[in-house]
Amino acid sequence: MSNSRISGLYRLSVAQRIARLHEAGWLSAEDADALQDGRQVINVRDADRMIENVIGVFGLPMAIAPNFCVNRQDYIVPLVVEEPSIVAALSSSAGIARKSGGFFAACDESLAIGQIHLTDIDNSKKAIAAIDTHKQSLLDDANAVHPRLVARGGGVRDIEVYPLDLGAGKTAIAVHLLVDTRDAMGANLVNTLCESIAPRLALLCDATVAMRILSNLADRSLATAQATYRLQDLADDLGAARKIRDAIVRANDIAIVDRYRAVTHNKGILNGIDPLAIATGNDWRAIEAGAHAYASKDGHYTALTEWKTDDDGDLVGRIKLPLKVGIVGGTLGMNRAALLGLRICGVESAGELAGLMAAVGLAQNFAAIKALTTSGIQKGHMRMHARSVAAAAGVPDDLFDDVVAELVDSGEVKSWKARDILRSRQLAGNGSSASSSSAGKVILLGEHAAVHGRHALAVPIENAMSAVATTSKDSWVRVPAWGVDEAVNPECRFFELLRLVARELGIGDAGVKLTVRSSLPPGMGLGASAAFAVCTTRAIAAAFEITIDDKTVNRIAFECEKLAHGTPSGVDNTVSTYAAPILFQRTDEVHLTTLQLNEAPPLVVACSNSAGST
C-alpha cells in the first residue's frame, strides 16, 4: 500500500507532481502518461453522446489532496473544483488528523429508495393493507425485473408504505422500494423498477399512479466519519490550542441552532465532498439535495457535523449524512477522467467511496471552521484568488509569481491592480525581454526520402510556437502546454539544447528565463523540437541584442535537431525558420525552393495523442 503522506507538492510543476505520484505508486505509467498528454479529458464526440445539443467540453481543474488515512488505509483524494484554497485546506486537515490515527468511516447500509405515488384512493387504510398482504409477491415481481442484480447479491429488499395528507381532503400513498444496487448509484435501475411495479400497485389499490422515480433523500444509505484532533497538534502552545479547540466547538454549536450559519457551514462540508463526487463521476447534485434535506430531518435546518471535547481534552469531530454513490454504471464508461479518479482513490466498493467522502467532508469542515475562528478564510483564499486574477489579467509566466505576491500585499486583489503592477514591473525592467515565433511543419511528400538526400515537400503550421526570453540572474524554462516548469541545470531536459544555443550566440553562462507557448504536441511529427529551437534561438538573441539572420537561425536549429534526433534531414528546422511551403533537398548543403501558392490547399492534421520517438 502506498503512503499518502506526500509533502511539498505545491512547490512542483504539474509535470513534476504527476511524476512524483507515479514514483510513489499512486499513478500507473499509463495514467501518468495520459495526464501528461491531457488524454484523460472527455472528447467532444463522447460528450455529444452523453447529452443534447453539445457545442464543446467545459474544463475544470483536477487536483489531488494527499495525507488521508481512513480506517487505517492511506488515500490520496482526487478533486475537481475551481474554488481556491479547498485543496490546500483538505491536505492540511488530513495531515493533522493522521497524527492521531486519521479518520474512521462507515456506510453500513446502502439502499436506494424508489418512490411510487398513488392518488385517487377511496380508502387509504384498505389500500395499505392490500400492499402489506401482497408484499412478498410484489417483491418477487420487482426482483424478476433485474435478475442479474439479484444474482450479484442485490435487489429489492423491502417495501414500505406511507400515507400522505395532501390537504383539502385529498390523500395519497407513497410506496417505497428499498433497493440494494450493489456498487452502482442505481438511479436508472431504480426508476425501471418503479415503472415496472407501478401498474400492479395501481390495480391492487384501485388508484392512479401520479409519479414513479428515485428519491434523492438517500437516508437508507447513511455514511459516517469521525476524527480526533489532538490538542498538541492544533498549535505549538497549549493555551493557543485550547482556544482553537473551544472556538471550533462554539462555531459548530452556533451552526446547530442558526440556520443562516448552518447552510454556509454545510456548504463548506460539500466543498470537499462535491469535488470528489465530480472526480469519480458521481451525481453531486443528488448529493447536495440529499444532504440539505437530511439537515432538515428534525423540522429545522441544522449542521451536519458535531464537534466536542473528549475526556482527554482533544477535539473530536463527527459527521453523518446520506451518500448513495457508485463506482460502476451510469456514464462512467464514457468518462475517462472519472475512471482515472476512481483508480486514484483505489476504492473497491461504493460503500468505501461513501466513507471516504464523509471523511473528506469532515476534514473540510475542520479546516473551514479553524480558519474562520482564527486567521479568517481570506488570508489563504486571497492568495489563490490572486493567482486567478493575475492569469486573467494576462500576466506572463516570467513575472507571474512576483505580480501575485505584490497583488496580495497590496490588499487590492483586482484585475486593474494586477495590470498596474505588471506595467510598473515592465517599465522598471526586470531584465531585457524579447519575443519570437516559429512554425511547425507538415511533410506532404518524402518524409523518409529526405533523410537520404531526396526531395521532400513540406508546408508550415504558422505561428505554432512563440517564446519570450528575459535576461536574468538564473536560467529557467517554462512550456505550460508540455508541463515543463523547471530550472535550467543538468537535470533539465533542455539543458544541452540551451547550452548549445548560448554557445552559438556567444553569451556564455548568462542567465535567461524562457517562456514558450506551444500549440504543437511533442513527439507527433509536427516539428515541435525544431520550432522550439528556432523560436528560442531568435528570442534569446533579441534579448541580448544580437543580430542574427535566418540562415544562422536555421544552422543553429539544425544543430539542436541533431541533439534531439541524431541524424535529422533538416527539413523540420528549415520549414520552421522560413515559415513557408518548400521543396527541400539536403546534400552537402541545404537546397530549398520556396513555393508561392495562390491558394492554400485544405489540410487536416489528425493527432493520435501518442508520442513517437522521431
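Please treat every number below as a calculation from the coordinates, not as lab data. Computed from a predicted structure; not experimentally measured. All Cβ positions, glycine included, derive from the backbone under ideal geometry; neighbour counts span all protein chains shown.
In segment 533-555, which residues are crowded, with 24+ Cβ neighbours inside 10 Å and either more than 21 Å from residue 514 (Cα to Cα) or touching a Leu at 6+ places or on another chain (Cβ under 8 Å) (or both)?
Correct list: 533, 536, 537, 539, 540.
Since residue 153 meets every condition but one in (1) out of contact with any Gly (no Cβ under 9 Å at 6 or more places or on another chain); (2) farther than 30 Å from residue 73 by Cα, which condition does it not meet?
(2)
Tell me whether segment 16-29 contains one or more residues that are part of a loop (DSSP other than H, G, I, E, B), in contact with a strand residue (DSSP E or B) (Cβ under 6 Å, 6 or more places away or on another chain) and within 19 Å of residue 280 (Cα to Cα).
Within segment 16-29, one or more residues are part of a loop (DSSP other than H, G, I, E, B), in contact with a strand residue (DSSP E or B) (Cβ under 6 Å, 6 or more places away or on another chain) and within 19 Å of residue 280 (Cα to Cα).
Those residues that are of a type in the set (Asp, Glu) and assigned to a helix (DSSP H, G or I), I need them from segment 330-361; list them, please.
The answer is 352, and nothing else.
List the helices (runs of 4 or more DSSP H) that sit entirely inside segment 111-220 and contain at least 3 residues that are surrounded by fewer than 20 Cβ atoms within 10 Å (Cβ to Cβ) and either acidic (Asp, Glu) or touching a Ser or Thr at 6+ places or on another chain (Cβ under 6 Å) (or both).
Per the criteria, 135-145.
Can you name the residue in segment 448-495 that is without any contact (Cβ under 8 Å) to a residue 60 or more places away in the chain and in a helix (DSSP H, G or I) and, of all such residues, is surrounded by the fewest Cβ atoms within 10 Å (Cβ to Cβ)?
Checking each candidate, the answer is 452.
Which residues, counting only those in segment 496-511, are part of a helix (DSSP H, G or I), among the hydrophobic types (A, V, I, L, M, F, W, C) and farther than 14 Å from residue 561 by Cα?
The answer is 502, 505.
Could you say which residue among 251, 241 is assigned to a helix (DSSP H, G or I), more than 18 Å from residue 354 (Cα to Cα) and in contact with a Ser or Thr (Cβ under 7 Å, 6 or more places away or on another chain)?
251
Tell me which residues, restricted to segment 303-347, are more than 18 Å from the chain's Cα centre (by Cα), β-branched (Val, Ile, Thr) and surrounded by fewer than 20 Cβ atoms within 10 Å (Cβ to Cβ).
309, 316, 328
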